[in-house]
Amino acid sequence: MTLPASLSSRLSLPIIASPMFIISQLDLVMAQCRAGIVGSFPSLNARGEGELEGWLERLNAELTADDAPYAVNLIVHHSNARLEEDLALCVKHRVPIVISSLGAREEVNAAIHSYGGIVFHDVINDHFARKAIAKGADGLIAVAAGAGGHAGTTSPFALIGEIRQWFDGPVALSGSIATGDAVLAAQAMGADLAYIGSAFIATEEAVAVQEYKQMIVDSHAADIVYSNLFTGVHGNYLRGSIAKAGMDPDDLPESDPSKMDFGASKAWKDIWGSGQGIGAVDAVVPAAKRIAQIGAQFRAAKKRICSDS
């Protein structure tokens, strides 16, 4: 493992729960951290005046040394008018892990490093991975084909293989991971951590309508559509939600990437994101139960592999 001891020693499983827009809020993050995995949320999920600071105060006060650390996702793209304000709050409250997205920024990394924080930057290919490390990121989140949200198209085998040719620091892998077997597979191919999102939509603590959660349970990989229509950046979405909105999932127009706008979620609030790994999700359960299930699968997979070797 190439993880800092301050992180690895506090994890019961090698997992970061990915920060999902709207869905990942305080109750879910708390449950994830208390179950032994890194819980995370986008800073933009804290919408009201003073809400982000309140969340950070609660996380720092209520999580203990026996819990896993939490992470805050900062969208560093120029369209995020809150970046400077949210970054200042992360520094003030000494957020242990920051996940930066949509553009590596040296000044963001320097600010988090000023108090000893760790920065992971999410990337969809080796080119962006190199740029992120050159600009001071501590680790990478390799967003491979099949991931939820703004996913890439590269096979996880190829993406991790290329990154590991030159980088020996912390790497998390994202892309269709929803079981303990997949977590172990991520480690076997060279990642330190698995990055799991969609499986946590179908949890009691997730801030998603019940129909969204049930669609996760009822859907499979074939029900995922890859499009840039909804934010200007390509991502994976549930076919059923697109059809319900009156559009043809197989004939969506292309969006202009230069018009990227994260406020567009208001226009597309009923278009629901998801990765391809949801075929493994068969019920809406508490987050702690989902993590326990993944943990049991992970340990069984390790035992099976070891007994076969």
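The values are calculated or read from the model by the stated rules, or taken from the named source; none is laboratory data. Just so it is clear, the model here is predicted, and its values are computed rather than measured. Neighbour counts run over all protein chains shown; Cβ positions are idealised from the backbone, glycine included.
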(Q) I'd like to check something: does the stretch 148-156 contain any residue that is at pLDDT 95 or above and either of a type in the set (A, V, I, L, M, F, W, C) or closer than 28 Å to residue 304 by Cβ (or both)? (A) yes
Q. For the stretch 186-204, what are the residues that are buried (at least 20 other Cβ atoms within 10 Å of the Cβ) and part of a helix (DSSP H, G or I)?
A. 186, 198, 199, 200
**Q.** Every residue from the stretch 1-15 that is touching a helix residue (DSSP H, G or I) at 6+ places or on another chain (Cβ under 9 Å) and not in a loop (DSSP other than H, G, I, E, B)
**A.** 15
(Q) Can you tell me which of (1) free of Cβ contacts under 8 Å to residues at least 40 places away in the same chain; (2) closer than 18 Å to residue 280 by Cβ; (3) touching an Asp or Glu at 6+ places or on another chain (Cβ under 9 Å) is the one residue 166 doesn't meet? (A) (2)
Q: Search the stretch 293-304 for residues that are aromatic (Phe, Trp, Tyr) and pair each with any residue that is at pLDDT 95 or above when their beta-carbon atoms are under 6 Å apart and the residues are at least 6 apart or on different chains.
A: 298/180; 298/183; 298/184
(Q) Please go through the stretch 14-28 and give me each residue that is touching a strand residue (DSSP E or B) at 6+ places or on another chain (Cβ under 8 Å) and either surrounded by fewer than 24 Cβ atoms within 10 Å (Cβ to Cβ) or hydrophobic (A, V, I, L, M, F, W, C) (or both), ordered by number. (A) 14, 15, 16, 17, 20, 21, 25, 26, 28
Q: Identify, from the list 207, 183, 217, the residue that is closer than 19 Å to residue 294 by Cβ, surrounded by fewer than 18 Cβ atoms within 10 Å (Cβ to Cβ) and not acidic (Asp, Glu).
A: 217
Q) Being modelled with pLDDT of 95 or more and either over 22 Å from residue 15 (Cβ atoms) or in a loop (DSSP other than H, G, I, E, B) (or both), is that true of even one residue in the stretch 286-305? A) yes
Q: Kindly check whether there is at least one residue in the stretch 87-107 that is among the hydroxyl-bearing types (Ser, Thr, Tyr), touching a Cys at 6+ places or on another chain (Cβ under 7 Å) and without any contact (Cβ under 8 Å) to a residue 60 or more places away in the chain.
A: no
**Q.** Hits in the stretch 210-244 (condition: among the β-branched types (Val, Ile, Thr), under 20 Å from residue 280 (Cβ atoms) and assigned to a helix (DSSP H, G or I))
**A.** 216, 217
